[in-house]
Amino acid sequence: MKTWFQVLSTMSLVAVFFGLGQCSCRETKGPPHTGESRLNDILASGRIRCSYIVYSPYFRKNPNTGELSGIFHDIMEEIGRAADLKIEWVEEVGYENIFAGLESGRHDVFAGGLWPSTSRAKAAGFTVPVFYSVIKAWGRADETRFQDLDGINSPDVRIATIDGAMEDVIAKADYPLARRQSLPQLSPFTQNLLNITSNKADVTFAEPGIIQEFLQSNPNTLKELAPNKPLRVFGNSLVVPRGDQQLIAFFDVALRELLYSGRVDRILRQYEPAPGVFPRVALPYQPETAVLRLKSAG
């Protein structure tokens with residue numbers, strides 16, 4: 001442990017464990033990514049500039065007041081408090097603008113939660129996951145096709161997508177013959193689901209937590225297709241400029257502290273539409289091994 005903390009000290013990571021942070025919602029510019037770690041600028045300025053996508057419950061924005069909330073909002077605010085760094089929510093972005101904003105220095109981290117993939121790893125770096133998402137296919141409640149999902153790959157099928165989002169990636173990779181009913185970036189994901197319920201599209205791909213939240217306001221409108229056949233399993237991560245290993249190491253330490261202290265679990269329970277909807281990251285030990293059993297003397 002001593003050697004590990006000596007390495008961390010060269011990056012000033014002792015700041016992870018102390019202090020209070022604040023939130024500011026004005027946009028600020030920073031330097032483009034030049035190969036030197038953005039962590040140096042963060043520690044010098046005392047702020048982390050974050051971008052986000054509104055995708056409830058990962059990230060929410062009150063349309064009337066502009067107030068921000070959600071899983072990743074709360075996690076970043078926890079990191080800010082632990083590290084004595086101010087969290088600045090500088091920009092709402094689209095899926096295809098995340099990486100350009102990181103590279104140009106418009107923001108230090110995309111903090112709305114993103115699923116890592118091979119194509120995305122070419123453009124940015126990803127932290128350890130905060131929790132997991134199991135992606136499945138969903139259609140109208142009266143849908144009787146697609147029992148094994150192979151029938152989706154047909155020109156007669158319309159897949160509801162948002163440009164650059166993961167359902168768009170899955171549609172292109174797995175069901176290239178189907179038509180994509182595409183929405184522009186920054187469209188709310190609920191519009192995908194409304195396009196299905198209004199018969200403008202047939203299928204989309206999403207995790208159960210997002211569907212459960214939609215069904216609370218729109219009961220009996222959607223159903224899971226092929227329940228035993230998940231399409232993808234992803235970790236939900238923060239995103240930093242490509243190649244910035246020091247910044248990844250900083251956030252990995254901060255996220256593990258939140259995971260192992262139980263704070264991530266408490267945040268997830270606050271936003272879960274139903275218990276267990278968001279699969280947790282496993283602890284690095286069996287709980288019973290952490291119990292210290294003392295034998296009475298004599």
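The values are calculated or read from the model by the stated rules, or taken from the named source; none is laboratory data. As the structure is a computational prediction, the values presented were derived from the model and not from experiment. Neighbour counts are summed over all protein chains in view; Cβ atoms, including those assigned to glycine, are modelled from backbone coordinates with ideal geometry.
Among all residues of the stretch 160-174, there is none that is farther than 30 Å from V128 by Cβ, aliphatic (A, V, I, L, M), in a helix (DSSP H, G or I) and touching a Phe, Trp or Tyr at 6+ places or on another chain (Cβ under 8 Å).
Matching residues to (1) part of a helix (DSSP H, G or I); (2) surrounded by fewer than 18 Cβ atoms within 10 Å (Cβ to Cβ); (3) in contact with a Pro (Cβ under 9 Å, 6 or more places away or on another chain):
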{"residue": "S187", "(1), (2), (3)": "no, yes, no"}
{"residue": "N192", "(1), (2), (3)": "yes, no, no"}
{"residue": "A201", "(1), (2), (3)": "no, no, no"}
{"residue": "K223", "(1), (2), (3)": "no, yes, no"}
{"residue": "K229", "(1), (2), (3)": "no, yes, no"}
{"residue": "L238", "(1), (2), (3)": "no, no, no"}
{"residue": "L247", "(1), (2), (3)": "yes, no, yes"}
{"residue": "L283", "(1), (2), (3)": "no, yes, no"}
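Being at pLDDT 95 or above and buried (at least 23 other Cβ atoms within 10 Å of the Cβ) is true of D108.
Would you be able to tell me the number of residues in the stretch 56-91 that are assigned to a strand (DSSP E or B) and of a type outside the set (K, R)?
Residues of the stretch 56-91 that are assigned to a strand (DSSP E or B), as a first pass: 59-61, 68-69, 86-91.
With the extra rule that they be of a type outside the set (K, R), the set shrinks to 59, 68-69, 87-91.
The total comes to 8.
Taken over the stretch 92-123, the criterion of being closer than 15 Å to Y52 by Cβ and either of a type in the set (K, R) or in a strand (DSSP E or B) (or both) is satisfied by E92, R106, V109, F110, A111, G112, G113, L114. Regarding the stretch 162-182, can at least one residue be identified that is closer than 30 Å to F72 by Cα and loosely packed, with under 15 Cβ neighbours inside 10 Å? Within the stretch 162-182 (the criterion being closer than 30 Å to F72 by Cα and loosely packed, with under 15 Cβ neighbours inside 10 Å), the answer is yes, since at least one residue qualifies.
Rundown of residues vs (1) touching a Cys at 6+ places or on another chain (Cβ under 9 Å); (2) free of Cβ contacts under 8 Å to residues at least 24 places away in the same chain; (3) closer than 26 Å to S37 by Cβ; (4) in the same structural domain as Q245 (by TED's automatic domain parsing), yes/no style:
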| site | (1), (2), (3), (4) |
| --- | --- |
| V90 | yes, no, yes, yes |
| Y95 | no, no, yes, yes |
| G112 | yes, no, yes, yes |
| A141 | no, no, no, no |
| G151 | no, yes, no, no |
